[in-house]
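Asks: Structure below; questions to follow.
The values are calculated or read from the model by the stated rules, or taken from the named source; none is laboratory data. Because the structure is a prediction, the values reported are computed rather than measured. With ideal geometry, Cβ positions are generated from the backbone for all residues, glycine too; neighbour counts draw on all protein chains shown.
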Amino acid sequence: MSLLVVGVSHRSAPIDLLERVSLDEERSRTLATGIVGLEDVRESLVLTTCNRTEVYADALTFHGAVAQVGAALAEETGVDLDVLTPHLYVHYEDRAVHHLFSLACGLESMALGETEILGQLRSALRAGQRDAHLGAALNPLFQQALRVGKRAHAETGLDRVARSLVRIAIERADDVLGGVVGARALVVGAGAMSGLATTSLRRAGVRALTVVNRTLERAERLAQAHDGQARDWDDLAAQLQEADLVLTCTGATDQVITRELLTDADRSDRPLLLVDLAMPRDVAPEVADLPGVTVWGLEELAELAGAGAAQASAPDTIPSETRVVVQGVRDLVAGEVATYLATRRSAQVGPTLADLRSRAASVADTELARLDHRLPDLPEEHRAEVHHSVRRILDKLLHTPTVRARELAAGDTDGSYIALLRELFDLDPRDTATVEHPPNVSGLP
């Protein structure tokens with residue numbers, strides 16, 4: 001396996017570009033299918049969240065796969081490759097594994113340590129499994145990433161300092177509304193993020209909770225689970241008039257909350273806070289110009305979060321407790337990456353050792369057949385003993401080299417040891433021996 005990550009996120013691109021490259025479930029599936037069919041790619045997984053779009057691939061070559069994946073991403077999103085390229089980042093092999101494990105722990109998120117990413121990774125993994133886009137390379141990798149993320153929250157105290165974007169929005173809503181307790185809340189959408197929003201709003205003590213969704217049945221399920229009420233999509237304008245706090249996160253590709261829906265609202269005495277968690281945005285920019293209306297999108301939430309992702313990379317700017325926790329998570333990730341890579345390299349030597357044993361067995365079979373031909377009158381019990389003795393000699397000769405080969409392969413960072421074994425014993429070359437390995441790469445040139 002040669003793992004490749006090509007992506008764009010809030011760290012590398014402005015929000016308006018992230019909106020343009022954001023993909024819904026159907027388009028993510030189309031992109032993943034197209035990438036699997038590329039010449040230099042064997043497996044693929046597409047991860048799309050509110051602040052990132054990433055392609056994970058099992059690559060046969062580095063430069064070829066980067067070029068092909070970048071072109072496929074540009075084509076599917078409709079963003080010219082020349083515009084997209086300066087904002088893309090590329091991770092390869094150990095850096096790619098480190099990036100994924102850090103991502104699963106919430107170290108790459110806008111809000112440090114947020115847990116929503118685990119659900120998003122799990123959904124992307126299931127989609128890849130369902131569509132048969134994953135195999136022996138990416139499938140176990142993403143399963144391990146989920147385990148690493150769970151371990152970080154269970155063992156490092158990350159949950160004590162982690163603050164999701166939803167929690168941040170609700171906590172800071174007091175600054176706009178004068179208090180969330182007793183407020184009338186509206187949730188637009190009924191997906192995973194909306195589920196988190198309804199739970200958080202109830203815990204915050206809102207007076208009334210309403211869910212509006214294009215599919216009324218889904219809105220009803222979500223509302224009933226949180227002692228709220230559901231309304232049909234056609235009732236959105238009326239519900240906006242009544243609400244004090246709106247959290248919206250739909251899968252729409254166009255803006256669903258427009259100035260026209262709020263034109264008749266008088267918010268001079270009763271402010272309205274709209275928290276837009278969607279990508280692309282649900283709330284039209286001009287809504288923020290209305291009197292008494294405040295709109296927080298992902299960019300504003302990142303600022304409110306104190307640049308959580310930046311904190312993870314600049315620990316001197318954060319409180320001591322958080323700094324200690326972040327370092328603990330980093331140490332955990334580093335250990336998990338080292339263990340994963342060592343285990344994978346040990347496993348990769350397996351086929352070579354199997355070929356070596358097969359070659360040795362083939363040589364033994366040829367010589368034993370020659371012996372049988374020369375000594376046709378040899379008693380069968382003697383013949384069997386000779387065959388058995390030759391097999392035992394082979395097993396004993398190969399046992400120690402096999403054990404040592406697995407140990408040495410665990411530290412083989414570039415596959416050269418496996419290639420040397422195959423060359424030394426004249427074994428047929430494999431794909432792993434011909435993969436192009438670039439220099440230390442973390443971003444596009």
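Asks: Modelled with pLDDT of 95 or more, outside any strand (DSSP E or B) and either surrounded by fewer than 22 Cβ atoms within 10 Å (Cβ to Cβ) or of a type outside the set (S, T, Y) (or both): is that true of V166 in this structure?
Replies: Considered against the rule, which asks whether it is modelled with pLDDT of 95 or more, outside any strand (DSSP E or B) and either surrounded by fewer than 22 Cβ atoms within 10 Å (Cβ to Cβ) or of a type outside the set (S, T, Y) (or both), V166 comes out as no.
Asks: Something else: Within the range 136-147, identify whether any single residue is of a type outside the set (A, V, I, L, M, F, W, C), in the same structural domain as N51 (by TED's automatic domain parsing) and part of a loop (DSSP other than H, G, I, E, B), and answer yes or no.
Replies: Going through the range 136-147, the residues of a type outside the set (A, V, I, L, M, F, W, C) turn out to be 139-140, 143-144, 147.
Among the residues that remain, those that are also in the same structural domain as N51 (by TED's automatic domain parsing) are: 139-140, 143-144, 147.
From what is left, the residues that are part of a loop (DSSP other than H, G, I, E, B) are none.
For the range 136-147, residues of a type outside the set (A, V, I, L, M, F, W, C), in the same structural domain as N51 (by TED's automatic domain parsing) and part of a loop (DSSP other than H, G, I, E, B): absent.
Asks: Let me ask something else about it. Would you tally the residues in the range 328-340 being touching a Ser or Thr at 6+ places or on another chain (Cβ under 9 Å) and surrounded by fewer than 18 Cβ atoms within 10 Å (Cβ to Cβ)?
Replies: 2
Asks: If you check V206 against the conditions, is it β-branched (V, I, T) and touching a residue at least 60 places away in the same chain (Cβ under 8 Å)? So that I can check it myself, show each step before the final result.
Replies: Values: β-branched (V, I, T): yes; touching a residue at least 60 places away in the same chain (Cβ under 8 Å): no.
Taking the combined requirement at face value, the residue does not satisfy it.
Asks: Where the second residue is hydroxyl-bearing (S, T, Y) and crowded, with 20+ Cβ neighbours inside 10 Å and the first is farther than 22 Å from R172 by Cα and lies in the range 227-250, which pairs have Cβ atoms under 7 Å and are six or more apart or on separate chains?
Replies: Between residues of the range 227-250 that are farther than 22 Å from R172 by Cα and residues that are hydroxyl-bearing (S, T, Y) and crowded, with 20+ Cβ neighbours inside 10 Å, the close pairs are G228/T198; G228/T210; Q229/T210; R231/T210; Q239/T210.
Asks: Is there any pair with a first residue in the range 346-372 that is more than 14 Å from P401 (Cβ to Cβ) and a second that is hydrophobic (A, V, I, L, M, F, W, C) and at pLDDT below 85 whose Cβ atoms are under 6 Å apart and which are 6 or more apart or on different chains, and what are they?
Replies: S346/A409; S346/A410
Asks: Counting only residues that are in contact with a Cys (Cβ under 7 Å, 6 or more places away or on another chain), give me the helices (runs of 4 or more DSSP H) lying completely in the range 179-249 with at least 1 of them.
Replies: 192-204
Asks: Of the conditions (1) within 29 Å of E93 (Cα to Cα); (2) at pLDDT 80 or above, A310 satisfies every one except a single condition; which number is it?
Replies: (2)
Asks: Can you list the helices (runs of 4 or more DSSP H) found entirely within the range 1-95 that contain at least 3 residues being closer than 30 Å to A342 by Cα? If you could, list the steps in order and put the result at the bottom.
Replies: Values: elements: 15-21, 25-36, 62-77, 81-84.
Result: 25-36, 62-77.
Asks: For D159, all conditions in the list (1) within 23 Å of T33 (Cβ to Cβ); (2) in a helix (DSSP H, G or I) hold save one; what is the number of the exception?
Replies: (1)
Asks: Taking the condition of being hydroxyl-bearing (S, T, Y), surrounded by 23 or more Cβ atoms within 10 Å (Cβ to Cβ) and within 16 Å of G251 (Cα to Cα), how many residues in the range 189-226 meet it?
Replies: 1
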